[in-house]
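The values are calculated or read from the model by the stated rules, or taken from the named source; none is laboratory data. None of the values given here were measured: they were computed from a predicted structure. Cβ atoms come from the backbone with ideal geometry, glycine included; neighbour counts cover every protein chain shown. Ligands, DNA and RNA are stripped out before the accessible areas are found, and what is left, the full protein with its side chains, is counted by its heavy atoms. Shrake-Rupley method; radii C 1.70, N 1.55, O 1.52, S 1.80 Å.
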Amino acid sequence: MIKICVAGAAGRMGTAIIKEAYSVGIQTVGAIESSNSSAVGKTLRDLGISDQNTEILTGNQLDSALSNADVFISFTCPEADLINIPIVAEQGKRIVLGTTGFTPNQNRIITDTIYGKVPTVFSPNYSVGVNIFFKLIDILKAFPSNYDFSINEIHHTDKKDAPSGTANKLGELVSNVRNYTKTVTGREGMSSRQHNEMEITALRAGGVAGIHTLTVAGPHEMLRIEHTAFSRDALAQGAICAAIWLSNQRTPKIYNMADVLGLT
């Protein structure tokens, strides 16, 4: 069975990933956190995350954390990954990357760092349902041109990037099939919708794990497709699925969850 190293190990997403891995017999042999985290120096057992004595190290100790791992998993922040991913790629470790909020330039740096070095799964969302949602978009191109497409997403109050990476990916897919050339993320005052506009709105409320809704509205009817994540476990399950799938890949390229799920 593969062994993993998890970034942000003591955070909510990192904890969910480690617990999901443990439930299917995958060992977390490396764990890192920011240097100011109170979890540093403690073990996964100490923190009640899993029954493992893996010590949580800082990012400065990433080489050590990676030494016995097969796959590095990160759902953290762009600033951390810009430092960590080059180190991981240099060590030849496979990567499951779920961090969102990269600027276009940061995204280019990350992909250039990975490409041709290690097999990597890089996706804005790892839930099975959301990736099937992505696949449905192509069918919706059958709607007549006078139907409008709009996206809304809701996440917990601590989420930093808006719109979410998932909403932006949905918007990209919709724009491709509807030929939208502009994205509007909010309206105020006198602002009627133009024919070339893609609408994406974001709400931040409470502890919502993630809700993404696509609304297609025509003159006489409306279709609404919604995905609701009950918890981060939906993403953790997908991340571990990706890690297992990735362990069998030899070509050093960037894959997505559609590849993992056989949707391509």
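The residues on offer are Gly206, Gly210, Gly171, and the sole one that is at negative phi, open to solvent by less than 80 Å² (accessible area, probe 1.4 Å) and of a type outside the set (Ser, Thr, Tyr) is Gly171. Within the range 151-181, the residues that satisfy the criterion of being in contact with a helix residue (DSSP H, G or I) (Cβ under 9 Å, 6 or more places away or on another chain) and not in a loop (DSSP other than H, G, I, E, B) are Ile151, Asn152, Glu153, Thr166, Lys169, Leu170, Leu173, Val174, Asn176, Val177, Arg178.
Looking at the range 6-16, is at least one residue part of a helix (DSSP H, G or I), among the polar types (S, T, N, Q), surrounded by fewer than 18 Cβ atoms within 10 Å (Cβ to Cβ) and in contact with a Leu (Cβ under 9 Å, 6 or more places away or on another chain)? The answer is no, given that none of the residues of the range 6-16 is part of a helix (DSSP H, G or I), among the polar types (S, T, N, Q), surrounded by fewer than 18 Cβ atoms within 10 Å (Cβ to Cβ) and in contact with a Leu (Cβ under 9 Å, 6 or more places away or on another chain).
Checking each residue in the range 35-73 for being in contact (Cβ under 8 Å) with a residue 24 or more places away in the chain, open to solvent by less than 50 Å² (accessible area, probe 1.4 Å) and assigned to a loop (DSSP other than H, G, I, E, B) picks out Ser37, Ala39, Leu44, Ile49, Ser50, Gln52, Thr54, Ala69.
Any idea which residue in the range 149-167 is most open to solvent (accessible area, probe 1.4 Å), counting only those that are under 16 Å from Thr103 (Cβ atoms) and without any contact (Cβ under 8 Å) to a residue 60 or more places away in the chain? This residue is Ala162.
As a summary of the residue check, Arg193 satisfies the conditions (1) without any contact (Cβ under 8 Å) to a residue 40 or more places away in the chain; (2) over 26 Å from Val96 (Cα atoms); (3) loosely packed, with under 13 Cβ neighbours inside 10 Å; (4) charged (D, E, K, R) except for the one numbered (1). The number of residues in the range 88-135 being out of contact with any Pro (no Cβ under 7 Å at 6 or more places or on another chain) and over 13 Å from Ile73 (Cα atoms) comes to 25.
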